[in-house]
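**Student:** I'd like to ask some things about the structure below.
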Amino acid sequence: MTLPVPFEHVREELRDRDACAFVHAGREDDPTLRYLGRAGRIDGELAVVVTADTSMLLAAEAPAAARETFPGDSVLPAGGEIPTGERVATVLDDLGLDGTVLTPRTIPHDAALYLENAGYEVASTAVVDDARVAKTDAERLRQSTVQSAACAGMRRAAAVLDAAHAHEGRLDWEDAPLTTLRLRREIDAAIAGEGMSPGYTAIGVDGAPATPRSETTIEPGQTVVVDLAPQGPDGYHGRLVRTFVVDGDGGWTRRAQLAAEGALDAAIPELSPDGADAVATELDAEVTAYGFDPAPESGGYGVGLERRERPTLDEDELPVGAVLALDVRVSDPAEGTVRLADLVAVTDDGGEPLGAFPRSLVP
């Protein structure tokens, strides 16, 4: 399966707006450049130029490697003493173009200035952002692969917590206090072992927000929220959130876990093109049914070349193929936080989970 090439969508936009070219420039980690240029394995500054007749990638480093992955017509060297934005303006001049150049709103300011100084009128377009919302089969396959690595990381988290034991009011693992830093390192190693970048690994304890830099010592009975968003070599992300409790006494945490799990189970079947309102309703209704107040942070958000991207449940329509993380949390200042999130693709008949991992509080 090949990844999408939205150049025809871009060219249709050029025709509709009577523009001469589409341009974007930036670093290799820019999601729009990753999408257009297959730039996941290329470092340095990049630019993409699309006209009615041609599409090209300007690569500051490793243009030969870029030629192996770029789906367009040509790859040109860039960088050196000439800023990439200035090089793009020169390319447009060499093509004999004039008039309006369309760019994403995220194009660097200096690149837009070079275009304007060269006499082009710069106008923004969301055509690529719109194309990225619905994922192709190939994109979903990549995200499923990354999600498998997220599951491997979560299995490692559960194994470490399961092997920990209470000692002097804390949890010890391998004869030392178990901290979120130690747990995070074990998770990241497991994800790397699957050939993926750990990306974003955050852990929250006892109701504190999950962060990627915490060094908290974990104690028995505390809620441990593990939030994972690994990234594959092509830039696509997964998303998986689970909550664990070691030596818990049930009660509030068990009821909160049942509420969050019920919310996901009720919302996933509603994840269809016209189901955004129903998904949000189900997420809140199940939590309320267990006697909790819905958390404003609960909801759904797109996942792809960014950890959070379009669509959201606030939009009027969810296109088939869109991939969202459905994220539910229940919090109490005295009890902690229970949070669950799964990665789900939109289909005509409801949501299709990408990967699966148990939701039990017990590691």
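The values are calculated or read from the model by the stated rules, or taken from the named source; none is laboratory data. The model shown is predicted, which means the values in this text are computed figures rather than measured ones. When we count neighbours, we look across all protein chains shown, and the Cβ atoms used for this are built from the backbone with ideal geometry, even at glycine. Accessible surface is based on the protein model in full, side chains and every heavy atom, while ligands, DNA and RNA are left aside. Shrake-Rupley method; radii C 1.70, N 1.55, O 1.52, S 1.80 Å.
**Student:** Hey, among the residues in segment 214-249 that are within 29 Å of LEU305 (Cβ to Cβ), in a loop (DSSP other than H, G, I, E, B) and in contact (Cβ under 8 Å) with a residue 60 or more places away in the chain, which one's most open to solvent (accessible area, probe 1.4 Å)?
**Tutor:** Restricting to residues being within 29 Å of LEU305 (Cβ to Cβ), in a loop (DSSP other than H, G, I, E, B) and in contact (Cβ under 8 Å) with a residue 60 or more places away in the chain, the top hit is PRO233.
**Student:** I've got another one for you. Does GLU315 meet the test of being in a loop (DSSP other than H, G, I, E, B) and closer than 26 Å to GLY207 by Cβ? Can you show your working first?
**Tutor:** On the way: in a loop (DSSP other than H, G, I, E, B): yes; closer than 26 Å to GLY207 by Cβ: no.
No: the conditions fail for GLU315.
**Student:** All but one of (1) over 25 Å from GLY204 (Cβ atoms); (2) without any contact (Cβ under 8 Å) to a residue 60 or more places away in the chain; (3) open to solvent by 10 Å² or more (accessible area, probe 1.4 Å) hold for ASP349; state the number of the condition that does not hold.
**Tutor:** Unmet for ASP349, out of (1) over 25 Å from GLY204 (Cβ atoms); (2) without any contact (Cβ under 8 Å) to a residue 60 or more places away in the chain; (3) open to solvent by 10 Å² or more (accessible area, probe 1.4 Å): (2).
**Student:** Restricting attention to segment 116-132, which residues are over 27 Å from the mean Cα position of the chain (by Cα) and either crowded, with 20+ Cβ neighbours inside 10 Å or polar (S, T, N, Q) (or both)?
**Tutor:** Scanning segment 116-132 gives ASN117, TYR120.
**Student:** With the checklist (1) open to solvent by 40 Å² or more (accessible area, probe 1.4 Å); (2) at pLDDT 95 or above; (3) within 22 Å of VAL362 (Cβ to Cβ) in hand, flag the one item HIS167 doesn't pass.
**Tutor:** (2)
**Student:** Which one of these does GLU61 not meet: (1) open to solvent by 20 Å² or more (accessible area, probe 1.4 Å); (2) within 20 Å of TYR236 (Cα to Cα); (3) at pLDDT below 90; (4) touching an Asp or Glu at 6+ places or on another chain (Cβ under 6 Å)?
**Tutor:** Evaluating GLU61 over (1) open to solvent by 20 Å² or more (accessible area, probe 1.4 Å); (2) within 20 Å of TYR236 (Cα to Cα); (3) at pLDDT below 90; (4) touching an Asp or Glu at 6+ places or on another chain (Cβ under 6 Å) leaves (2) as the failure.
**Student:** When you scan segment 7-26, how many residues do you find that are on the phi > 0 side of the Ramachandran plot and more than 29 Å from the chain's Cα centre (by Cα)? Show your work before the answer.
**Tutor:** Quick first cut of segment 7-26, residues on the phi > 0 side of the Ramachandran plot only: 18, 26.
Those still in the list that are more than 29 Å from the chain's Cα centre (by Cα) too: 18.
Total meeting the criteria: 1.
**Student:** Report the residue count in segment 280-309 for those that are under 10 Å from the mean Cα position of the chain (by Cα) and open to solvent by 50 Å² or more (accessible area, probe 1.4 Å). Give the steps one after another, and end with the answer.
**Tutor:** In the first step, residues of segment 280-309 are kept if they are under 10 Å from the mean Cα position of the chain (by Cα); the result is 301-309.
Adding the requirement that they be open to solvent by 50 Å² or more (accessible area, probe 1.4 Å) leaves 306-308.
Residues meeting the conditions: 3.
**Student:** Here's something else I'd like to know. Quick one: what pairs do we get from segment 41-55, first residue without any contact (Cβ under 8 Å) to a residue 40 or more places away in the chain and more than 16 Å from ASP93 (Cβ to Cβ), second aromatic (Phe, Trp, Tyr) and buried (at least 16 other Cβ atoms within 10 Å of the Cβ), C-beta under 8 Å, 6+ apart or different chains?
**Tutor:** So the pair list comes out as VAL48/PHE22.
**Student:** Let me ask something else. With the checklist (1) open to solvent by less than 10 Å² (accessible area, probe 1.4 Å); (2) closer than 26 Å to GLY304 by Cβ; (3) modelled with pLDDT of 85 or more in hand, flag the one item PRO31 doesn't pass.
**Tutor:** PRO31 satisfies every listed condition except (1).
**Student:** Of the conditions (1) open to solvent by 50 Å² or more (accessible area, probe 1.4 Å); (2) assigned to a helix (DSSP H, G or I); (3) within 30 Å of THR106 (Cβ to Cβ), GLY195 fails just one. Which one is it?
**Tutor:** (2)
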